[in-house]
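In what follows, a single structure is set out as C-alpha cells and then discussed.
The values are calculated or read from the model by the stated rules, or taken from the named source; none is laboratory data. In this text the structure is predicted, and so the values were computed from the model without any measurement. In this analysis, Cβ positions are derived from the backbone assuming ideal geometry, glycine residues included, and neighbour counts consider all displayed protein chains. Surface accessibility is based on the protein's heavy atoms, side chains included, excluding ligands, DNA and RNA. Shrake-Rupley method; radii C 1.70, N 1.55, O 1.52, S 1.80 Å.
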Amino acid sequence: MRAEAIVDLSAIKHNVELLKKTAGRKLLAVVKADAYGHGLIPVAKAALSAGADYLGVALLEEAIALREAGIEAPILAWLVQPGSDFAKAIELDIELAAASLKALSEISAASTGKKAKVHLEVDTGMTRGGFLNEWDQLSAEHLNGVDVVGIYSHFARADEPGEKQNESQLARFNEMVAKVHSLGFTNVICHLSNSAATLKDHAAAFDMVRTGIAMYGLSPDVKTLGNSQSLGLRPAMQLRAALYLVKEVPAESPVGYGATESTSRDTKLGVVAMGYADGIPRIAHYAGIWSSSGKSPIIGRVSMDQFVVDLGPTSKLQSGDWVVIFGNGSHGEYTADDWGAASGSINYEIVTRIGPRVPRIYSAHVY
Ligand SMILES: *Cc1c(COP(=O)(O)O)cnc(C)c1O
C-alpha cells in the first residue's frame, strides 16, 4: 500500500451529535463533493445514524447515488442544472432548490405526476446563488405547480461573527421568509446556517442548520472561531503514506523541479509517493510528514506523484514505514488546518481534493 485516507466514522457521529445539540433544530448533513472527500455513502449513513434529519448535496448525480445506495432520508440537491432530468429527481423523491423563475417553470413542467418538493433559494447578500431581482415578481402562480417545502439562503461571512453583513443577511432572510408565508406557504422549513453560524450564531438557526465542515471535525475558520479541539470537534480524516524511498544525500543537494531548495547539511531524505494528483498542494510549504520521531518538513516542490521530506541525518525511518501527512493533531502531527495554511488555502480544500487514487479506509486512526 502506498497511501490511504483513514476516515473515523465515530468522529463524524460525535460531531453530528454535538452540532445537533448545539443547534437544537433539524440538521442537514452536507455530503456534497464525496462528503468533502470522506466518502459519500459511508458518511451519509453515519450522519443519519447519529441523528441527521436531511442530507444535502450540490449535484443531482450525488443525490441519485444516495438513493441508489438505498438511503431513504430526505435529500436536498441545490445546484441542479437547467435541462436536468427533473422527472427522475421527483420519482426518486429528491428535493430540489430553485433560484429562478426559469428553474421553477422547468421543475413545474416535470411535475406531471406528483409535485416536486422545492426549496426556494434566496440571495440575502452573498450575491452568488438564489433569487434576487426576480424575487419581487414571484407570485403564487409561479409556485402552483410545485410543493414549496423550504426556503433557504447562505451566509458569506458567518466565520466572522460580529460582521455587519451577517446581520443584514439575517434581516433580509426574515423579509423573504415573510413573503413566502404571505403567498400561503406557511409550513416551510427555513434554513440559513452553515457550520460557522451553527457554532456561533443561534439567532440564525431557524428550523434547520446545514453543516458541512464541522461535521468532518474541522473548524470553519481557525483564526476567528478557534481550532477543532477548542470547538469540541473531532477531525475524521487521517491521511497517511508509506515512505517509498529513504536515502542519504550530501549538503547542498538541490531537490526537485526548479531546484527551489537544497539540503542545508548531510541528511536523509524521504520520498512520499503522493503528489498534486492526489491532492497534495503543489505550492505547499512549511508542511510535511510526522512519524513517531516527530515532524519532517517538505523540501523542494511537490510533484504530480511524489514529494520529498527532510528526515534529518539521524532518522531511523526506512522505506515502507508509514508516516502521517495530516491527522487530528493529538500526537503532534500536521493537521488539515496546517496544510491549508501552508498552501494559502483552507482545510476544506485540503480534505476535499484528496484524489480518487487514495483509498478511503473506515477505521480508527492509526499511529
Ligand atoms: C457547502 C454548503 C454548506 C456547508 O457549509 P460549511 O461551511 O461546510 O458548513 C451549507 N449550505 C450550502 C448551500 C452549501 O453549499
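Here are some notes:
- Some residue of the range 63-70 being modelled with pLDDT of 95 or more, out of contact with any helix residue (DSSP H, G or I) (no Cβ under 6 Å at 6 or more places or on another chain) and within 15 Å of the ligand (Cβ to nearest atom): yes
- Across the range 208-231, the qualifying residues are those that are touching a residue at least 12 places away in the same chain (Cβ under 8 Å) and open to solvent by 20 Å² or more (accessible area, probe 1.4 Å), and the one among them that is farthest from the ligand (Cβ to nearest atom) is Q229.
- Among residues of the range 331-352 being among the polar types (S, T, N, Q) and open to solvent by 30 Å² or more (accessible area, probe 1.4 Å), the one that is nearest to D159 (Cα to Cα) is S345.
- Pair list, Cβ under 9 Å, 6 or more apart: the range 272-293 residue farther than 17 Å from R353 by Cβ, other residue modelled with pLDDT under 95 and part of a loop (DSSP other than H, G, I, E, B): S292/Y367
- Screening the range 259-329 for strands (runs of 3 or more DSSP E) wholly inside it with 1 or more residues that are open to solvent by 20 Å² or more (accessible area, probe 1.4 Å), closer than 18 Å to G340 by Cα and not β-branched (V, I, T) returns the ranges 288-291, 294-297.
- In the range 319-331, the residues that are more than 23 Å from I213 (Cβ to Cβ) and free of Cβ contacts under 8 Å to residues at least 60 places away in the same chain: none
- Of all the criteria given as (1) within 13 Å of the ligand (Cβ to nearest atom); (2) under 17 Å from L27 (Cβ atoms); (3) of a type in the set (D, E), the one not satisfied by E160 is (2).
- Extreme residue, nearest to the ligand (Cβ to nearest atom), among residues of the range 166-207 that are without any contact (Cβ under 8 Å) to a residue 40 or more places away in the chain and assigned to a loop (DSSP other than H, G, I, E, B): N187
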